[in-house]
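Trainee: Here's a structure for you.
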Amino acid sequence: MRVIRFFTLAVAVVVAAGFTSCKDDDEEEKKGTAADEIPTADALGLEYPIAGVTGMGSLSMDYSGGRLVGGTFRGNNFTVTSDPLEFHFDSGYGDTHDCTGIRVNEAGYIVYMEEQYSDGSSYRHSISYNSEGRVSEVYSTYVEEYEDYRYEGSERDVFQWDGGRLMSVETEWNDTEIGSDYRESYRSGASTEYEYSYECPNTGVYYVNNDNDLILIDDPIVYSGLLGRPADYLPTSYISKEYDIVDGQTNVYYEFPTAIQTEYDGDRVRRHGNSTYTYLDETGGYYSPKAAYPQAKEKQPAGQRAKMRIERIKQRR
């Protein structure tokens with residue numbers, strides 16, 4: 001499903017991974033080690049940890065002893081607990097979201113994680129990395145429950161790198177809509193190819209997919225240091241496509257090039273695409289960019305991605 005609940009945002013990271021079946025997921029889970037806590041900013045080599053992001057949503061992060069311990073994301077509070085390491089999101093209106101079962105490899109990067117939403121939807125993510133510690137593939141399975149039907153499916157994201165540059169991401173979704181008296185399956189996909197027409201060093205943004213999209217989990221986890229080694233450079237543009245797969249034939253229904261503007265304030269990224277950043281300085285105070293930019297349109301709420309994608313496929317048939 002579309003970036004698994006597309007928890008969103010952007011701007012950031014490298015994520016990856018996976019395996020093609022529940023059996024493979026279980027094997028990878030056994031290989032990993034239960035994660036106890038998030039590494040400190042010093043351990044990640046961050047002189048100025050990012051304290052806030054505005055643009056495709058709103059994110060603020062609180063630190064204690066150099067470790068991420070909580071904050072807010074799109075108006076929802078989140079907390080990070082240790083031993084075992086877990087992320088908990090709470091809207092304050094009975095809508096909760098928990099990221100549990102986190103297991104890491106020898107480098108400390110997440111190889112497996114489970115997500116559970118208060119509406120009954122659940123997800124399992126398996127992640128793998130290349131020899132440089134950058135995300136190479138993410139494989140996720142999910143179930144979304146509705147009153148009269150449910151969606152089951154999987155998403156596979158494959159990342160191609162050239163050294164420290166993310167060159168492309170290929171995504172394929174396999175969705176099944178199950179009603180009381182029917183069962184229909186759909187396949188669709190997307191691709192993003194990145195370009196680097198001039199040099200934009202990455203000073204902590206952690207770029208992943210598209211200008212303001214993140215593949216895998218909610219944004220705070222992106223900045224935890226648990227999702228692999230970030231890109232060394234930020235792309236200057238990308239071309240994105242979306243398509244249906246019917247009887248083995250690919251039908252491209254969306255293709256669009258996008259330029260990405262990056263601005264710096266000293267040695268830190270001030271703005272990347274539609275997002276701006278604030279930083280936590282060494283004294284614990286906040287460093288804030290001078291300019292404010294309009295917030296981009298919010299993404300759809302979690303739990304609606306597969307449903308909307310399937311409706312679009314039906315309309316085109």
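Trainee: Within the range 45-63, work out how many residues are over 19 Å from the mean Cα position of the chain (by Cα) and part of a loop (DSSP other than H, G, I, E, B).
Mentor: Final tally of qualifying residues: 4.
Trainee: While we're on this one: Identify, please: which residue in the range 31-40 is free of Cβ contacts under 8 Å to residues at least 60 places away in the same chain and not polar (S, T, N, Q) and is, among those, surrounded by the fewest Cβ atoms within 10 Å (Cβ to Cβ)?
Mentor: Within the range 31-40, the match that is surrounded by the fewest Cβ atoms within 10 Å (Cβ to Cβ) is 36.
Trainee: Of the conditions (1) in contact (Cβ under 8 Å) with a residue 12 or more places away in the chain; (2) over 25 Å from residue 36 (Cβ atoms), residue 160 satisfies every one except a single condition; which number is it?
Mentor: Status for residue 160: all satisfied but (1).
Trainee: Ok, one more. Just to be sure, is residue 171 among the polar types (S, T, N, Q), modelled with pLDDT of 85 or more, surrounded by 15 or more Cβ atoms within 10 Å (Cβ to Cβ) and closer than 24 Å to residue 259 by Cα?
Mentor: Answer is yes for this residue.
Trainee: Here's something else I'd like to know. Which residue pairs have Cβ atoms under 6 Å apart, sit 6 or more places apart or on different chains, and have a first residue in the range 237-265 that is under 29 Å from residue 197 (Cα atoms) and a second that is among the aromatic types (Phe, Trp, Tyr) and surrounded by fewer than 16 Cβ atoms within 10 Å (Cβ to Cβ)?
Mentor: Every condition considered, the pairs that remain are 240/256; 242/254.
Trainee: All but one of (1) modelled with pLDDT of 90 or more; (2) of a type in the set (Gly, Ala, Ser); (3) surrounded by fewer than 21 Cβ atoms within 10 Å (Cβ to Cβ) hold for residue 188; which doesn't?
Mentor: Result: residue 188 passes all but (3).
Trainee: Sticking with this structure for a sec: If residue 244 satisfies all but one of (1) modelled with pLDDT under 85; (2) surrounded by fewer than 21 Cβ atoms within 10 Å (Cβ to Cβ); (3) of a type in the set (D, E, K, R), what's the number of the condition it fails?
Mentor: The failed condition is (1).
Trainee: Here's something else I'd like to know. So, in the range 215-241, exactly how many residues are closer than 21 Å to residue 123 by Cβ and of a type outside the set (Gly, Ala, Ser)?
Mentor: Residues flagged as closer than 21 Å to residue 123 by Cβ and of a type outside the set (Gly, Ala, Ser) within the range 215-241 amount to 11.
Trainee: Further question: Answer with yes or no whether residue 123 is of a type outside the set (Lys, Arg), touching a Gly at 6+ places or on another chain (Cβ under 9 Å) and either buried (at least 21 other Cβ atoms within 10 Å of the Cβ) or assigned to a strand (DSSP E or B) (or both).
Mentor: no
Trainee: Residue 198 versus (1) in a loop (DSSP other than H, G, I, E, B); (2) modelled with pLDDT of 90 or more; (3) in contact with a strand residue (DSSP E or B) (Cβ under 9 Å, 6 or more places away or on another chain): which is the lone unmet condition?
Mentor: Residue 198 satisfies all of (1) in a loop (DSSP other than H, G, I, E, B); (2) modelled with pLDDT of 90 or more; (3) in contact with a strand residue (DSSP E or B) (Cβ under 9 Å, 6 or more places away or on another chain) except (3).
Trainee: Let me ask something else about it. Take the conditions over 15 Å from the mean Cα position of the chain (by Cα), surrounded by 15 or more Cβ atoms within 10 Å (Cβ to Cβ) and not in a strand (DSSP E or B) and apply them to residue 92. Does it pass?
Mentor: The answer is no for residue 92.
Trainee: Can you name the number of the only condition in (1) assigned to a strand (DSSP E or B); (2) over 15 Å from the mean Cα position of the chain (by Cα); (3) at pLDDT 90 or above that residue 144 fails?
Mentor: If we test residue 144 against (1) assigned to a strand (DSSP E or B); (2) over 15 Å from the mean Cα position of the chain (by Cα); (3) at pLDDT 90 or above, just (3) comes out false.
The values are calculated or read from the model by the stated rules, or taken from the named source; none is laboratory data. The shown structure was predicted, so the numbers you read here are calculated from the model rather than taken from an experiment. With ideal geometry, Cβ positions are generated from the backbone for all residues, glycine too; neighbour counts draw on all protein chains shown.
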